[in-house]
Amino acid sequence: MIIERSSKWEEDFINKLESDGEWDSWKLYNMSYDVVKTNLITEFSGLQSPKYLPNLTPLTHQLEAAETVIERMNGKAILADEVGLGKTIEAGLILKEYLIRGLVKKALILAPASLINQWVEELNYKFYIPVIAYKKNIQLDQYDIVVMSMDTAKKSPHREAIYAQDYDMIIIDEAHKLKNHKTKIYEFVQSLKKKFCLLLTATPIQNDVFELFYLISLLKPGHLGNYEMFQSSFSASKHDLEHDEYLRELVNQVMVRNRRQDTGIEWTNRQVQIIPIQFTDEEREVYNLILDLKDVSSAFSGAFSMITLQKEMCSSKEATYLTLNNMRQNCGDQEEEDHVEGVIQKLMALEVNSKAEKTYEIISKTTDKVIIFTEYRASQAYLQWYLNSKGITSVLFNGKFKKSKRDYMKHLFKEHAQVLIATEAGGEGINLQFCHHVINYDLPWNPMKLEQRIGRVHRLGQEHDVQIYNLVTDNTIEKDILDMLYVKIDVFEKVVGELDDILSAL
Amino acid sequence: MFPQQVHSYLRDFFLENDCHIVNESDHYITVQLSIDMDKRIMNRPFYWRYLESTNGVPCPAQLTLITDQTKLDGNIKGEVVHFGSPRLNQLFRATKELGAFVQMFENVNHLETKTILTPWLAVNYKVSYYCDQTKEMLYSFGLNLMTGQLLDGFQESLSEVDLVTAMPENAFELPYIIKPIRALERLNVAIENIVQQDDHTWAEEANKRWHKAQQVLEYFYDGVEDKPESYEMEKQALEEQYDPRIKIEVINGGLFYLK
């Protein structure tokens with residue numbers, strides 16, 4: 001084995017002797033020796049980082065996760081704790097450990113734009129890791145640790161600037177954004193050298209098991225075999241339990257996943273209810289008219305747009321109108337257009353929104369704060385108007401808000417309004433432990449989105465049981481969505497592990 | 001290192017480097033830096049270059065360091081310093097540079113007879129083992145420049161000895177038989193021997209992990225004729241991650257004249 005050493009001290013010492021120069025202070029000499037002795041890393045195993053972090057008290061599961069990643073997974077892992085258990089803390093501990101041990105000098109952290117400031121603050125103030133948020137004029141070679149948004153990183157000239165660096169560690173937050181291997185960001189990360197690498201996501205599978213394959217293939221190509229092999233062994237069509245267990249074991253070699261109940265912390269419960277909604281006769285009539293549109297005009301033949309319309313019709317007439325009106329313009333002739341116009345008129349004549357009424361009923365039973373999640377901006381605006389007419393104050397929230405506006409909205413919700421109405425994009429990066437009622441006004445296709453939503457309130461600091469209301473309109477597409485959610489949850493649990501309740505048990 | 005230890009470390013460090021203490025409690029310290037210390041730790045080379053080229057009056061900075069913010073009363077503004085903070089790490093590095101070479105004599109002035117002092121060469125080494133993990137060891141060697149006798153734990157043995165920077169009046173030194181440059185060579189051989197004879201299972205284990213990871217990678221690209229760039233990239237990353245290396249560093253050392 002090669003032994004690295006430098007003869008610089010020796011040469012300087014001999015020079016000093018020969019030139020009869022001045023000697024250094026005995027006190028500093030001793031201090032220097034003592035510092036090395038105090039900081040000495042005497043064991044390969046064990047964490048050094050906690051003793052360098054006097055102002056941070058990591059939780060046991062966080063320390064264990066950091067240790068597991070370093071000692072058993074050799075610094076390449078997916079951190080997949082449930083939402084709200086502190087994946088950032090775990091990543092910080094691991095990065096700090098490698099910095100102390102001299103194994104990492106340069107590190108790159110990729111995160112969604114909305115979470116960049118949070119990363120910079122946590123690393124600087126909790127971990128004393130000097131880190132900056134990347135901006136246009138920053139020279140990457142002058143900063144060892146940089147946080148950057150994925151969207152920036154994948155684009156020229158930033159991409160090339162990153163490739164020109166020699167990073168020892170790559171950390172990717174919200175790594176489920178890499179589930180699709182055909183995207184630019186996936187390609188970008190694939191071509192990045194990953195000596196040590198952490199992928200952070202509470203939801204390593206959102207829709208199917210291939211997402212996990214691609215995620216792990218970024219981290220450790222070959223760990224799940226190559227694509228052909230994986231497909232033939234594990235694809236959904238050939239489902240059997242033995243394979244699932246084998247796959248789960250392979251996955252566990254590269255993934256740490258803590259569940260709330262493993263943390264030794266007292267967690268409040270989740271109480272999940274499915275609230276069935278019955279359309280009024282008028283609503284049902286319009287829903288059926290919409291279903292029939294595919295026979296009226298080729299503009300409605302696309303499965304995707306029909307599904308969208310049905311979902312919107314379950315949400316609000318306002319959401320439905322926008323799409324329907326757009327599609328009307330694609331109709332082939334006047335007759336088709338008139339037909340659609342007729343449907344629109346029936347739609348706009350609706351006076352009752354059964355789901356909104358149910359929502360009001362739920363809210364009016366409590367004086368506590370309530371969050372409503374909807375998929376549509378139009379429904380969001382409608383709900384605010386409708387609740388206001390019933391004397392209930394609400395604030396709106398969506399993911400496009402800048403940090404200062406998010407903080408302000410959160411403040412308004414906490415201090416002044418009873419209800420927060422958020423669109424899908426509002427799910428990430430906001431913590432609302434002071435609230436414990438979540439109404440899923442519309443259901444997403446992806447169960448992990450539900451988990452992310454609930455995770456906004458069911459996290460450290462929540463003192464009450466969390467009430468979750470999933471609204472499902474009878475005999476509509478929402479029933480299909482619900483069934484699909486159960487199937488996807490099943491795949492997730494077979495491969496990744498148990499999932500906290502997001503739907504009520506079947 | 002607890003806040004109290006950090007505090008006394010800072011105190012010792014600045015006093016030893018001719019920076020005087022302007023203000024202090026048990027939980028913070030304000031020091032007037034010397035010109036040399038300002039240049040060394042304040043990171044403002046342009047100021048000093050400007051000042052020197054214009055013959056201006058140097059105005060080295062004052063620095064307030066807070067060692068225990070939780071116990072601070074009053075409105076003290078300053079930098080919070082604790083074990084692990086960048087400022088303390090910087091001062092550790094400065095300490096290493098400023099305490100690298102010494103020449104010390106055992107104080108024998110209280111003795112009645114003239115005393116002979118024997119020269120020793122001391123070197124403190126830090127040995128590091130690196131792969132995807134690290135381990136460090138400290139060796140403190142002293143070599144008797146008359147007899148060639150080698151001691152480990154030399155630094156610790158000095159803690160009982162009263163040392164001064166100049167030859168005591170009633171002492172005289174023996175001229176060394178072994179030249180320091182030859183002594184250094186001997187110490188280098190000694191440290192390398194220790195390293196070579198150490199148990200290197202860790203390196204074998206690291207190589208095994210490396211080999212296994214490499215096999216997994218090969219499997220992924222099995223049957224691919226023209227392997228893409230990402231294959232080479234991964235291969236390179238595995239080497240950097242696992243390849244076992246050993247590093248020997250000198251912390252400091254010097255000449256000691258002992259009874």
- Message: Looking only at region A:179-201, filter to residues that are surrounded by fewer than 21 Cβ atoms within 10 Å (Cβ to Cβ) and more than 14 Å from chain B (Cβ to nearest Cβ); which one of those is nearest to A:GLU245 (Cα to Cα)?
- Response: A:ASN180
- Query: If you take the residues of region A:13-37 that are more than 7 Å from chain B (Cβ to nearest Cβ) and assigned to a helix (DSSP H, G or I), which of them is farthest from B:PHE14 (Cα to Cα)?
  - Reply: A:GLU18
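Yes/no matrix, rows are residues, columns are (1) surrounded by fewer than 16 Cβ atoms within 10 Å (Cβ to Cβ); (2) within 24 Å of the chain's Cα centre (by Cα); (3) not small (Gly, Ala, Ser):
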residue	(1), (2), (3)
B:LEU10	no, yes, yes
B:ILE35	yes, yes, yes
B:LYS39	no, yes, yes
B:ASN43	yes, yes, yes
B:ASN55	yes, no, yes
- Give the residue, chosen from B:GLU229, B:GLU234, B:GLU240, B:GLU225, that is more than 7 Å from chain A (Cβ to nearest Cβ) and either among the hydrophobic types (A, V, I, L, M, F, W, C) or free of Cβ contacts under 8 Å to residues at least 40 places away in the same chain (or both). B:GLU225
- Item | Number of the condition not met by B:VAL161 [criteria: (1) modelled with pLDDT of 90 or more; (2) of a type outside the set (D, E, K, R); (3) under 30 Å from A:LEU103 (Cα atoms); (4) surrounded by fewer than 18 Cβ atoms within 10 Å (Cβ to Cβ)] | (3)
- Taking the options A:ILE100, A:ILE78, name whichever one is at the interface with chain B (Cβ under 10 Å from one of its Cβ atoms) and among the hydrophobic types (A, V, I, L, M, F, W, C). A:ILE100
- Item | Per-region count, region B:106-145, residues crowded, with 19+ Cβ neighbours inside 10 Å and within 13 Å of the chain's Cα centre (by Cα) | 7
- Query: When you scan region A:139-246 for strands (runs of 3 or more DSSP E) that lie fully inside it, which ones turn up with 1 or more residues that are closer than 26 Å to A:PHE492 by Cα and of a type outside the set (Gly, Ala, Ser)?
  - Reply: A:169-172, A:196-200
- Taking the residues in region A:3-12 that are outside any helix (DSSP H, G or I) and more than 7 Å from chain B (Cβ to nearest Cβ) as candidates, determine which candidate is nearest to the chain's Cα centre (by Cα). A:SER6
- Message: Criterion first (in contact (Cβ under 8 Å) with a residue 60 or more places away in the chain, buried (at least 17 other Cβ atoms within 10 Å of the Cβ) and part of a loop (DSSP other than H, G, I, E, B)) does A:LEU108 satisfy it?
- Response: no
- Applying the selection to region B:210-222, what residues are surrounded by 13 or more Cβ atoms within 10 Å (Cβ to Cβ), facing chain A (nearest Cβ under 8 Å) and out of contact with any strand residue (DSSP E or B) (no Cβ under 6 Å at 6 or more places or on another chain)? B:ALA213, B:GLU218, B:TYR221
- Query: Out of (1) more than 12 Å from every other protein chain (Cβ to nearest Cβ); (2) within 19 Å of the chain's Cα centre (by Cα), what's the single condition that is false for A:SER232?
  - Reply: (2)
- Message: Go through region A:40-66 and report how many residues are within 23 Å of A:TYR167 (Cβ to Cβ), within 14 Å of chain B (Cβ to nearest Cβ) and outside any loop (DSSP other than H, G, I, E, B).
- Response: 3
- Query: Among (1) assigned to a loop (DSSP other than H, G, I, E, B); (2) in contact with a Gly (Cβ under 7 Å, 6 or more places away or on another chain), which single condition is A:LYS136 missing?
  - Reply: (2)
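The values are calculated or read from the model by the stated rules, or taken from the named source; none is laboratory data. None of these values were measured; they are calculated from a predicted model. All Cβ positions, even for glycine, are placed from backbone atoms using ideal geometry, and neighbour counts span all protein chains on display.
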